[in-house]
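Each remark here refers to the structure printed beneath this line.
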Amino acid sequence: MKNTKPASRESLYPEQKQEQLEVLLTGDSEQSMDWLNAILAPVVEINSQRLLLQSEDTFTQLLRKQQPVDVIIHRLGQQPEQQLNALSSLLPVINNTTGKTTLIVIGPADQPLLMRAAMRAGASDYLPEPFSNQELLSLLETLFEHRQANSSIRHARVTAALSASGGAGATFLACNLAHIKATNHQKCLLLDLNFRMGSVLQFMDLYSDYGLEDVLAELPSLDQTALAGYLARHESGLEVLAMKQPDLMAYSDPDTDQLARLLKLLKQGRDDVVIDLPMFPTNISTFIQDQADDICLVIQQDMLSLRNALRWLDLSESELGLSRDQFTIVVNRYHPRLPIRVNDICNTLKVGEVVTIPGDYHRVSNSLNSGKPLLKQAPKASVTKAVVALHSRFTGQTEAPSRLSALVKRMFG
């Protein structure tokens, strides 16, 4: 591996020389990497390393040992499909261990199937050849600026919940997870992205004069101070943003640029953002899945739910490059005497484990009808303990959150 640094290079940002973008150049020829390095070398903010692909197995082994990098730039050569397969299997592993690594793929311009395969492998950009040097540098400049902006701002961890079938309980789970986080003195925002039939405000017994539709309309001019006027607030301290008037017909979904700006705004200065996603695959659900740190796929013990969950996992794997390990399968209303057991679910969905939330119709119904989350309505119930345990799983805690109120602590006493 080489790390080539010329004696003198110009800086795009003279006041920020201490920050560098770590870039790994990969390809199956030294000439490809020499060419790429010559483009990047003049920019002092870019520290480039090189990794030569000699065979898929060797490339896989070397990439697993690679030190953390911000960007991988891969130029396709001979056997491009095998190269993309290796990157597709390794990118989720790299992201899980080193944080988000951006993949940029360079390849021929006249092969749309190859371009699509690169996107499925996890590439954020595909640069068709020939391209100007400035096109590549502009991509890296944007990544550098994003890193600079993020370095001094606290950004929330994103948890997304979606149902594999209607009524599986994703909204129930999102509301209760968010409430637990807020009760644990975490600065948390609950976002309802069900534009047509959202019910988060009703779950939390809240009303708002403004809603998500107003935020999206004013999004380009909003800052944190202005955003505060659009949020509903629960007594626990939880912030809630939802459609004021969900509409089955009139409202069109936001595009991914709007979603990206919205999520960036909501993450700033918060510990957590919990998102209730629509059930059906849309640009909303696929974009948020790709951005989320934790994804809860909520299912029930029936064949319809299992079939839909399997299709969703397969789609996310093939189209988004998300591995099954990035999902937490939550079996809501679980009953051990039903014919479909935990082992059956794991085998069907091809996952190592699932999380079960026991069925408790009486307490959950009381919670929904009163607008009181489980932690307040029934803190000692098994169903509440199961949701708290799921929260602890995401935070890495092995016990109940340490700063919960005395009432909540007693449920584990």
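The values are calculated or read from the model by the stated rules, or taken from the named source; none is laboratory data. Remember, it's a predicted structure, so these values are computed and weren't measured experimentally. Here the Cβ is made from the backbone with ideal geometry for all residues, glycine too, and neighbour counts use every protein chain on show. We work out accessible area using only protein heavy atoms, side chains counted, and drop any ligands, DNA or RNA first. Shrake-Rupley method; radii C 1.70, N 1.55, O 1.52, S 1.80 Å.
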Using the structure shown, decide if residue 201 is within 25 Å of residue 358 (Cα to Cα) and of a type outside the set (S, T, N, Q). yes
Which of the residues belonging to region 220-246 are open to solvent by 60 Å² or more (accessible area, probe 1.4 Å) and more than 14 Å from residue 269 (Cα to Cα)? 220, 221, 233, 235, 244, 245
Taking region 198-219, which residues are free of Cβ contacts under 8 Å to residues at least 60 places away in the same chain and open to solvent by 30 Å² or more (accessible area, probe 1.4 Å)? 199, 207, 209, 210, 213, 214, 217, 218
Please give the number of the condition residue 352 fails out of (1) assigned to a helix (DSSP H, G or I); (2) surrounded by fewer than 15 Cβ atoms within 10 Å (Cβ to Cβ); (3) among the small types (Gly, Ala, Ser). (1)
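If you go through region 182-197 one residue at a time, how many are among the hydrophobic types (A, V, I, L, M, F, W, C), open to solvent by 30 Å² or more (accessible area, probe 1.4 Å) and within 19 Å of residue 235 (Cβ to Cβ)? Lay out the reasoning, then the answer.
Restricting attention to region 182-197, the residues satisfying the condition of being among the hydrophobic types (A, V, I, L, M, F, W, C) are 182, 188-191, 193, 195, 197.
Subset that is open to solvent by 30 Å² or more (accessible area, probe 1.4 Å): 197.
Adding the requirement that they be within 19 Å of residue 235 (Cβ to Cβ) leaves none.
Count: 0.
Scan region 356-378 for residues that are open to solvent by 20 Å² or more (accessible area, probe 1.4 Å) and either farther than 19 Å from residue 337 by Cβ or at pLDDT below 95 (or both) and report the count.
Adding up the residues that qualify gives 14.
For region 295-308, give me each residue that is outside any helix (DSSP H, G or I) and surrounded by fewer than 20 Cβ atoms within 10 Å (Cβ to Cβ). Outline the logic, then answer.
In the first step, residues of region 295-308 are kept if they are outside any helix (DSSP H, G or I); the result is 295-302.
Hit for region 295-308 is 302, nothing else.
Taking strands (runs of 3 or more DSSP E) that do not extend beyond region 32-131, which have at least 2 residues that are at pLDDT below 85 and either touching an Asp or Glu at 6+ places or on another chain (Cβ under 8 Å) or open to solvent by 50 Å² or more (accessible area, probe 1.4 Å) (or both)?
46-52
When you look at residue 323, is it of a type outside the set (A, V, I, L, M) and open to solvent by less than 30 Å² (accessible area, probe 1.4 Å), yes or no? Working first, answer last.
Values: of a type outside the set (A, V, I, L, M): yes; open to solvent by less than 30 Å² (accessible area, probe 1.4 Å): yes.
Taking the combined requirement at face value, the residue satisfies it.
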How do the pairs read when you match residues in region 297-320 that are hydrophobic (A, V, I, L, M, F, W, C) with residues anywhere that are open to solvent by 50 Å² or more (accessible area, probe 1.4 Å), using Cβ under 7 Å and keeping only pairs 6 or more apart or on different chains? 306/348; 310/348; 315/281; 320/290
